[in-house]
Structure formats: C-alpha cells, structure tokens
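*Asks:* Take this structure first; my questions come after.
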Amino acid sequence: MVYYILKVLVSSVIIVLISEISKRSSMAGSILASLPLMSLMAFIWMYIDTKDVQKISSLSSGIFWLVIPSLLLFILLPYLLKKQVSFWWALGVSTSVMVLFYFIMIFVLKKFGIKL
C-alpha cells in the first residue's frame with residue numbers, strides 16, 4: 001500500500017510541477033510537458049512491479065502508434081481557442097476528435113496486422 005501511495009504521489013508531484021512552471025514560462029512548461037514523463041514513469045513502475053520487459057515493449061509500441069491521433073488535440077485546441085471558442089467547448093471538441101481518431105487508428109492498425 002505504501003508503494004502504491006508513493007507512485008501516486010510522485011506522479012502527482014510531476015503534474016503539479018509542470019502546471020506551476022507553465023504559469024511562469026509557457027516555453028519551459030511546454031518543454032517539460034512534451035517530455036514523455038508519464039510514459040517513462042509507467043515503464044519504470046511496470047518494470048519494478050513485474051520485471052516483464054515484453055509488456056514494457058508492447059506498451060512502448062502502443063504509445064508510439066497512439067501518439068499520432070493524440071497530436072490532433074494539440075492542433076485543434078489552440079485553433080479553436082484562437083477562433084474564440086470557449087475553453088470548455090474547445091477542450092471537449094478537441095478531446096472528442098482525438099478519441100474518435102484513436103478508434104480509427106486502432107481499426108487501421110488492425111487492418112495492417114498491428115495489435116495494441
């Protein structure tokens with residue numbers, strides 16, 4: 001239980017840290033947020049928990065393929081905000097489009113024999 005709490009605390013601190021740094025410098029926050037910190041932490045926690053490098057390899061491949069549709073959020077959100085769409089609507093629309101493209105990407109990958 002202590003280990004689980006440690007994982008939650010470390011992960012939470014990183015998110016809060018990025019948020020606080022972003023308030024002071026959007027460039028520094030962008031650099032930190034663009035780093036695959038969550039993926040790296042997931043790899044580390046998974047390795048510590050299971051020592052199963054095959055699962056980590058599969059996770060890494062899945063993340064690679066699903067980064068592509070997630071980029072739509074980072075394209076669509078600022079576009080909608082610049083068009084004066086309210087933040088919550090812009091976030092909802094861009095997130096919905098991203099999720100839709102996750103399903104499309106998974107479907108396309110299956111057609112090419114790539115299983116996530």
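*Asks:* Go through the range 46-93 and count every residue that is within 26 Å of ILE114 (Cα to Cα) and of a type outside the set (Val, Ile, Thr).
*Replies:* 21
*Asks:* Take the residues of the range 5-35 that are modelled with pLDDT of 85 or more and of a type outside the set (A, V, I, L, M, F, W, C): which is nearest to LEU59 (Cα to Cα)?
*Replies:* So, considering only residues that are modelled with pLDDT of 85 or more and of a type outside the set (A, V, I, L, M, F, W, C), the one nearest to LEU59 (Cα to Cα) is SER12.
*Asks:* Limited to the range 44-75, what total is found for residues that are free of Cβ contacts under 8 Å to residues at least 40 places away in the same chain and farther than 26 Å from LEU6 by Cα?
*Replies:* 10
*Asks:* Kindly indicate the residue of the range 65-111 that is assigned to a helix (DSSP H, G or I) and polar (S, T, N, Q) and also surrounded by the fewest Cβ atoms within 10 Å (Cβ to Cβ) among those meeting that condition. Reasoning before the result, please.
*Replies:* Initial filter on the range 65-111 (assigned to a helix (DSSP H, G or I)): 65-82, 87-111.
Pick out the ones that are also polar (S, T, N, Q) and you get 70, 94-96.
Working: SER70: 14, SER94: 21, THR95: 14, SER96: 12.
By that ranking, first place goes to SER96.
*Asks:* Here are some conditions: (1) within 30 Å of LEU109 (Cβ to Cβ); (2) of a type in the set (Val, Ile, Thr); (3) modelled with pLDDT under 90; (4) loosely packed, with under 11 Cβ neighbours inside 10 Å. VAL2 meets all but one. Which one does it not meet?
*Replies:* For VAL2, the failing item is (1).
The values are calculated or read from the model by the stated rules, or taken from the named source; none is laboratory data. Keep in mind that this is a model prediction, so the values were computed, not measured. Please note: Cβ atoms are built from the backbone with ideal geometry, for glycine as well, and neighbour counts cover all protein chains shown.
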